[in-house]
Amino acid sequence: MTAHHLLSLAVWLPILAGILVLAFGGEERPGATRWLSLIGAVLGFAVTVPLYLGFSNDTAAMQFVEMATWIPSFNINYHLGIDGISLWFVLLNSFMTILVVIAGWVVIEKRLSQYMAAFLIMSGLINGVFSALDAILFYVFFEAMLIPMYLIIGVWGGPRRVYAAIKFFLYTLLGSLLMLAAFIYLYFEAGGSFEILKFQMLPLPLGVQILIFIAFFLSFAVKVPMWPVHTWLPDAHVEAPTGGSVILAAITLKIGAYGFLRFNLPITPDASHTLSGVMIALSLIAVVYIGLVALVQNDMKKLVAYSSISHMGFVTLGIFMFNALGVEGGLLQMISHGFVSGAMFLCIGVLYDRMHTRQISDYGGVVNTMPRFAAFFMLFAMANAGLPGTSGFIGEFVVTLSAIQVNFWYAALAATTLIFGAAYTLWMYKRVVFGEVANDHVAGLKDINCREALFLAVLAALVLAMGLYPKPLTDTMHASVQQLLEQVSTTKF
Amino acid sequence: MSMHSLYLLVPLAPLAGSLLAGLFGRQLGRAGSHTVTILGVALSFLASLVIARDVFAGHLFNGPVYTWLSVEDITMSVGFLIDPLTVTMMLVVTFVSLMVHIYTIGYMEEDPGYQRFFSYISLFTFSMLMLVMANNFLQLFFGWEAVGLVSYLLIGFWYTRPTAIYANLKAFLVNRVGDLGFLLGIGLILAHFGSLDYATVFERAPLVAHDTIELVSGSPVSLMTVVCILLFIGAMGKSAQMPLHVWLPDSMEGPTPISALIHAATMVTAGIFMVSRMSPLFELSETARSVVLVIGASTALFMAFLGIIQNDIKRVVAYSTLSQLGYMTVALGASAYPVAIFHLGTHAFFKALLFLGAGSVIHAMHHEQDMRNMGGLRKYMPITYVTALIGSLALSGIPPFAGFFSKDAIIEAVQASSLPGAGYATFAVMAGVFVTAFYSFRMLFMTFHGKPRMDEHTREHLHESPWVITLPLILLAIPSVVAGYMAIDPMVMGNYFGNAITVLPGNGGLHVLREEWHGVGAFMAHGVTALPFWLAIAGIACAAAFYLKWTGVPDIFMARLRGLYTLLDNKYYFDRFNEIVFAGGAREVGTGLWRVGDMRLIDGVMVNGSANLVGRLSARLRRVQTGYIYHYAFIMIFGVFILMSLWFVKA
């Protein structure tokens, strides 16, 4: 295969692996199922590495482009490509899939092959979302991706999984129909083309832009999720199995913010400016309001879920500052949040696998029996609290610097996360990890095994590496972000 | 070895020690762990000495190590600025750290977390060095937060103690309040100066000196004042100035060596260092300096009062630290930055000495910290006693001990200041002298003099501490005696700091101090005739009277002044207030938003409400579908009738 088909490989290889796992794996062959899944996930990631190595930082144009006719009668194409904005999400997604496979290795006892297949297939579909350049192709991936996640929550989830799965499904389906309508409108405006890049160049009157903006907004805001359409996320997280939570937090939330960058800003720049006040307000509400709500959670997963919403508030805040610091800060925050929230959910999963509870009050003094785990958890907790030297710091720092250029009070409100983020994360850590051994269950805990140490150590290394040297990440973003900022500052009517 | 690699060696040697002890502590064993960490810090200290010689030979350095991040034309790097201010801090940090490392061998010998402890204190040394060596705001903030992290880890070192893990969370969160201000200050600097590099920012500072910013639209305020006050809020957190001081007394829950290293000598002085480093900015805002002055003076006096009533030996030293940090802050407010750094240095020596001395006592007393159960220890622990006496004399400001010079210089600088609030500050630092001498000697007398009050078993086992503990005491006692005498002339009066510190002409005390300078001898001669000296003597005399001679007097005072005692005993109710208003308030608001906002309004009304609405509408609609043919037929005919009517009307 040549470099021309790398993106197709990134999309279809995991899906193919998933189908193979379904076909050849099974209850009676757990070993084969696991190894097949792991090989699929590793290969899926391996094909994305050349995307970074061969990526050119100098151009804002789409790279690794693939183009084939799909449905000629409507001029729908199989058109893939990535730029500095989408590159990292393809890598992040493919990488996290490996960790999810390892994390589910022995923990999943029922329908193992279906579990692994769901993640592999979802991984391919998500890569499709991030690399699709045809609106209908994007829409298909965007919707199809919901199905494996819906199944993961609905089949392997907790006691209220059906409620959570349906809430998740309906919530996220809500906006996407309007998005489809917007696509069809733009199709006719563009003279019969679903090319996203053509949409970005269409002149549109302000009124139309606002309607299209709202259609996109409903679809993406739910995904991010922004306040007040966020309440599906804590429920989905609490009920989802660990792997589901990891992908949900690390990847699927990013699709919402990616949508804003790919659709709202360049297609409806004037509406973006007009409505930026609302977007900023919602972002700041997410940071402050959700930060306070996270403080009083009793369930660890709910706490981290709320913390995710609060952290994503920084992403949307950065995006709607319309400056390079803001957008790149938002992108950095998304990548970091992928690692950190993934790690937090994996840590909670480690505890849950042993104790079968996520209630903070059931724990206490875990450090006494699990010192190695406590050290990892401390690092991730500090990253979640935005400590410099970890990846969690960069995004918040850069977005705050960007916000203060626009308005001092935006930055001041956003920066309260320094206090709230530390308060809810470290207070939870104190109650769970520090203190005397709280009960017999904690006394009987066994420290992390090699498999768990492996995925935690890999994430720890990434969190530190990104925190200490984030420059390679932003180097790939500059050109695309610069072009995006030009698009958004050019009026279309 | 080139100077550049030497600069790198200073922070990296302790980091390497920390990583080795932290990751391979089990393999290295106890002796291996303390050897690698002590080696790291010793290397760092020696390298600092070499660099200091080089700097005072006129070789300064300002340059990047690597580019951390770049966005548009903004470059954020990790880089070093090596100038007299930096090397002074480097020497203080590495020297005290080295002493504490050695001391720890004895103090923590029985602790199961031995290797972890060494790893943490070396990590702290690394972080603190990164902070003081920074040449830009990013790295400053980086070090700032990193020392906060290690402080958090070390206060909670004994993680099973509820008080320790309460104290470390509190310390982290209160510091984060300061950091909020600090971060916003840095943000404004980037927004208005276009750079995070010290040199560039300081160069541009005079150009924007008169710029204004509208925090509330329509009422412009001085940009420089806002920036400086925000930065100072950061300093208030780290250097524990009122009202962000509440974490420092509780931080005494950590092992004593770190109280000496982090919570007395180095980390808590980061705020003082930072403001001195930012002198080119602070010099441009009189309002900001006035705020600094008043906050420092309040801390100096009111925290000293609290030292009087403490019975826990470490807490006395802790309140003393708060008060002394207040003195340094006052010096900053009076534009006497070199004096602040001078006091920072002498204080680092004698306060580390006092803490380690207290630790030596606690170690001998089997972890008893209540001075009411001590007494008469001087017979059993002569070295500890003599060094503690030296520390107390230095703290009280008795010539020729180190504290006399730095404290007197502060008082004179404040007296010469003409800022709003200078009168109050002068009174506060004067009164503080009496109180300081009183509580210092109260502590000394209660601990080392009088009749032994401990139980039989403890007394039988009393003995002087091993050499790894007494050696650092002796080595710290030496500068506690001579550092003031030796350093005041070059450091405060001379051009020691060069361009590292800016003091504008006409701004306050330092210039007056220098004009009146006639050498160390004259300074001392003048000192013993001036009021502060006699206030200190009076303080010592009162302490002797109450705690050696008429030991019943304190109880009488306590009974007579019940209300005052209760106020002091509750530390002016700061803790209670924070507990109820901020901690409690945040939890109440959070619960309210969650239960009412998320669950009742969003989920209850919007989500489930719309689901219910759809359900109810469908239930209505279902009734239309009755299944009877004649119903459908009727509706069909009715529909056709309507359509035909419309058609006719239109035609």
Q.
Name the single residue that is farthest from A:N439 (Cα to Cα) among those in region A:355-382 being out of contact with any helix residue (DSSP H, G or I) (no Cβ under 8 Å at 6 or more places or on another chain) and part of a helix (DSSP H, G or I).
A. A:A375
Q: Please verify whether region A:149-166 includes one or more residues that are under 30 Å from A:S391 (Cα atoms), touching a residue at least 24 places away in the same chain (Cβ under 8 Å) and of a type in the set (S, T, Y).
A: no
Q) Any idea which of B:D370, B:D408 is surrounded by 19 or more Cβ atoms within 10 Å (Cβ to Cβ) and charged (D, E, K, R)? A) B:D408
Q: Looking only at region B:169-190, count how many residues are of a type outside the set (A, V, I, L, M), under 13 Å from the mean Cα position of the chain (by Cα) and at the interface with another protein chain (Cβ under 8 Å from one of its Cβ atoms).
A: 3
Q: Return a yes/no flag: does region B:218-238 have any residue that is surrounded by fewer than 24 Cβ atoms within 10 Å (Cβ to Cβ) and under 24 Å from B:F355 (Cβ atoms).
A: no
Q) Which ones in region B:282-294 are surrounded by fewer than 24 Cβ atoms within 10 Å (Cβ to Cβ) and part of a helix (DSSP H, G or I)? A) B:E286, B:T287, B:S290, B:V291, B:V294
**Q.** Only listed residue being facing another protein chain (nearest Cβ under 10 Å), at negative phi, in contact (Cβ under 8 Å) with a residue 24 or more places away in the chain and not aromatic (F, W, Y), chosen from A:M344, A:M378
**A.** A:M378
Q: State the number of residues belonging to region A:435-493 that are β-branched (V, I, T), closer than 21 Å to A:G364 by Cα and either at pLDDT 90 or above or outside any helix (DSSP H, G or I) (or both).
A: 2
Q: With respect to A:V458, determine if the residue is in contact (Cβ under 8 Å) with a residue 12 or more places away in the chain and either at positive phi or within 11 Å of chain B (Cβ to nearest Cβ) (or both).
A: no
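Table: residues versus (1) surrounded by 16 or more Cβ atoms within 10 Å (Cβ to Cβ); (2) not in a helix (DSSP H, G or I); (3) not aliphatic (A, V, I, L, M).
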residue	(1), (2), (3)
B:T502	yes, yes, yes
B:H511	yes, no, yes
B:H518	no, yes, yes
B:A522	no, no, no
B:G527	yes, no, yes
B:W534	no, no, yes
B:A538	no, no, no
Q: Return a yes/no flag: does region B:577-600 have any residue that is farther than 30 Å from B:A171 by Cα and acidic (D, E).
A: yes
Q.
Just to check your reading of the model, which residue among A:N323, A:N298, A:N368 is within 14 Å of chain B (Cβ to nearest Cβ), polar (S, T, N, Q) and within 18 Å of A:L484 (Cα to Cα)?
A. A:N323
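A quick yes/no check of all residues on (1) among the hydrophobic types (A, V, I, L, M, F, W, C); (2) in contact with a strand residue (DSSP E or B) (Cβ under 8 Å, 6 or more places away or on another chain); (3) in a loop (DSSP other than H, G, I, E, B); (4) surrounded by 10 or more Cβ atoms within 10 Å (Cβ to Cβ):
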site	(1), (2), (3), (4)
B:G609	no, no, no, yes
B:V614	yes, no, no, yes
B:L621	yes, no, no, no
B:Y630	no, no, no, no
B:M644	yes, no, no, yes
Q. Looking at (1) closer than 25 Å to B:F342 by Cα; (2) at pLDDT 90 or above; (3) crowded, with 24+ Cβ neighbours inside 10 Å, which is the one condition that is false for B:L123?
A. (1)
Q. Picking from B:V268, B:V291, which residue would you name as being in contact (Cβ under 8 Å) with a residue 40 or more places away in the chain and over 25 Å from B:R161 (Cα atoms)?
A. B:V291
Q) When you look at B:G156, is it facing chain A (nearest Cβ under 9 Å), more than 17 Å from the chain's Cα centre (by Cα) and surrounded by 22 or more Cβ atoms within 10 Å (Cβ to Cβ), yes or no? A) no
Q) If you check B:V147 against the conditions, is it within 14 Å of chain A (Cβ to nearest Cβ) and more than 25 Å from A:V433 (Cα to Cα)? A) no
(Q) Give me the residue from region A:167-218 that is without any contact (Cβ under 8 Å) to a residue 60 or more places away in the chain and not in a helix (DSSP H, G or I) and, out of that set, farthest from the other protein chains (Cβ to nearest Cβ). (A) A:G191
**Q.** Hits in region B:72-111 - residues which are free of Cβ contacts under 8 Å to residues at least 40 places away in the same chain and away from chain A (no Cβ under 14 Å)
**A.** B:V87, B:E109, B:E110
Q. Checking B:R600 against (1) surrounded by 12 or more Cβ atoms within 10 Å (Cβ to Cβ); (2) closer than 30 Å to A:K167 by Cα, which test does it fail?
A. (1)
Q: Could you name every one of the helices (runs of 4 or more DSSP H) located completely within region B:298-414 that has at least 2 residues being over 23 Å from B:Y547 (Cα atoms)?
A: B:313-333, B:337-364
**Q.** Sole residue being within 12 Å of chain A (Cβ to nearest Cβ) and of a type in the set (S, T, Y), chosen from B:T591, B:T626
**A.** B:T591
Q: Specify the residue that is nearest to A:A294 (Cα to Cα); the eligible residues are those in region A:394-429 that are more than 7 Å from chain B (Cβ to nearest Cβ), surrounded by fewer than 24 Cβ atoms within 10 Å (Cβ to Cβ) and hydrophobic (A, V, I, L, M, F, W, C).
A: A:L413
Q | Of residues in region A:431-446 being within 9 Å of chain B (Cβ to nearest Cβ) and more than 18 Å from A:D299 (Cβ to Cβ), the one surrounded by the fewest Cβ atoms within 10 Å (Cβ to Cβ) | A | A:E436
Q: Return only the number of the condition from (1) at pLDDT 90 or above; (2) within 11 Å of chain B (Cβ to nearest Cβ); (3) assigned to a helix (DSSP H, G or I) that A:P388 does not satisfy.
A: (3)
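The values are calculated or read from the model by the stated rules, or taken from the named source; none is laboratory data. Since the structure is predicted, the reported quantities are computational estimates derived from the model, not experimental observations. Note: ideal-geometry Cβ built from the backbone for every residue, glycine included; neighbour counts use all protein chains shown.
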